[in-house]
Amino acid sequence: MIEVIDLKRNFKSGDTTVHAVNGISFSVPDGQFASIVGQSGSGKSTLLTLLGALDKPTSGSIVVDGQDVTKMHDHKLIGYRGRKIGFVFQNYNLVPNLTALENVMLPMEFAHMPRARRKARAAELLEQVGLSADQQDRKPGKLSGGQQQRVAIARALANKPKLILADEPTGNLDSKTGKMIFDLLHDLAKTENTTIITVTHDLSISGKTDVTFTLHDGALVKT
Ligand SMILES: Nc1ncnc2c1ncn2[C@@H]1O[C@H](COP(=O)(O)OP(=O)(O)OP(=O)(O)O)[C@@H](O)[C@H]1O
Ligand SMILES: [Mg+2]
């Protein structure tokens, strides 16, 4: 269970303050698939970054399984993110000079898993998201956008996170590939009981998630 309580994030530039996230409260139970929608600049990415503990709020709390993440010390946060959260981005963010397989192995290396097990699990995950053995040995530049996003999803799953955070994961894909990636995320949420929170512009995606949060000027629109 993730509980967000009166979360605020201000950005100061000169004399003006941008209230990017302006007092947001909501909760997402384990295994739910939630989407965040809203106009450009409404605070979606800022909120997701806070949820991933990649940034600290100005005020408010994010409580994950009873623990207030906003109060955790930086050195604990690195481990927390690595073990509990998988990130998926619009631009895939794969390491270009590593193969697909090596990209998926990377987070398990940080988690000190033995090499043989890392390799076996990476291959299994890539197969699960639909990449052939030949594709697994290619570098990201030799894969299509949809294939790269599959690799990114496999990488996000590597350490069996409780939470996957995705910012416009289908933003660079055609609608058919985007739907396939969405279905993949959806299946994962159900079979692994992983909580997924995704930012999307695509209403055909947000319409199919368990819950949709709509942002406007940093606040939740009441629905
Ligand atoms: N690091 C920053 N410094 C200053 N202002 C910022 C920073 N990050 C975001 N903002 C501002 O906060 C507001 C929310 O930005 P955010 O990126 O969260 O919007 P978004 O909903 O993700 O937009 P988009 O759909 O275009 O990705 C915007 O006004 C933006 O200019
Ligand atoms: Mg954004």
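Quick notes
- Checking ASP134, ASP55 one by one, the residue that is among the acidic types (Asp, Glu) and either in a loop (DSSP other than H, G, I, E, B) or within 16 Å of ligand 1 (Cβ to nearest atom) (or both) is ASP55 and no other.
- Any hit, the stretch 103-116, residues being farther than 26 Å from LEU50 by Cβ, under 16 Å from the mean Cα position of the chain (by Cα) and crowded, with 18+ Cβ neighbours inside 10 Å: yes
- Residue list for the stretch 58-96, filter: over 28 Å from LYS142 (Cβ atoms), part of a strand (DSSP E or B) and among the hydrophobic types (A, V, I, L, M, F, W, C): ILE62, VAL63, VAL64, ILE85
Residues checked against (1) free of Cβ contacts under 8 Å to residues at least 12 places away in the same chain; (2) within 16 Å of ligand 2 (Cβ to nearest atom); (3) loosely packed, with under 13 Cβ neighbours inside 10 Å; (4) more than 23 Å from ARG155 (Cβ to Cβ):
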{"position": "SER13", "(1), (2), (3), (4)": "yes, no, yes, yes"}
{"position": "ILE24", "(1), (2), (3), (4)": "no, yes, no, yes"}
{"position": "PRO29", "(1), (2), (3), (4)": "no, no, yes, yes"}
{"position": "GLY41", "(1), (2), (3), (4)": "yes, yes, no, yes"}
{"position": "LYS44", "(1), (2), (3), (4)": "no, yes, no, no"}
{"position": "LEU54", "(1), (2), (3), (4)": "no, yes, no, no"}
{"position": "ILE62", "(1), (2), (3), (4)": "no, no, no, yes"}
{"position": "HIS73", "(1), (2), (3), (4)": "yes, no, yes, yes"}
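FYI, it's all coordinate maths here, none of it is from the lab. Computed from a predicted model, the values in this text were never measured in an experiment. For neighbour counting, all protein chains shown are included, and Cβ atoms are generated from backbone atoms with ideal geometry for every residue, glycine included.
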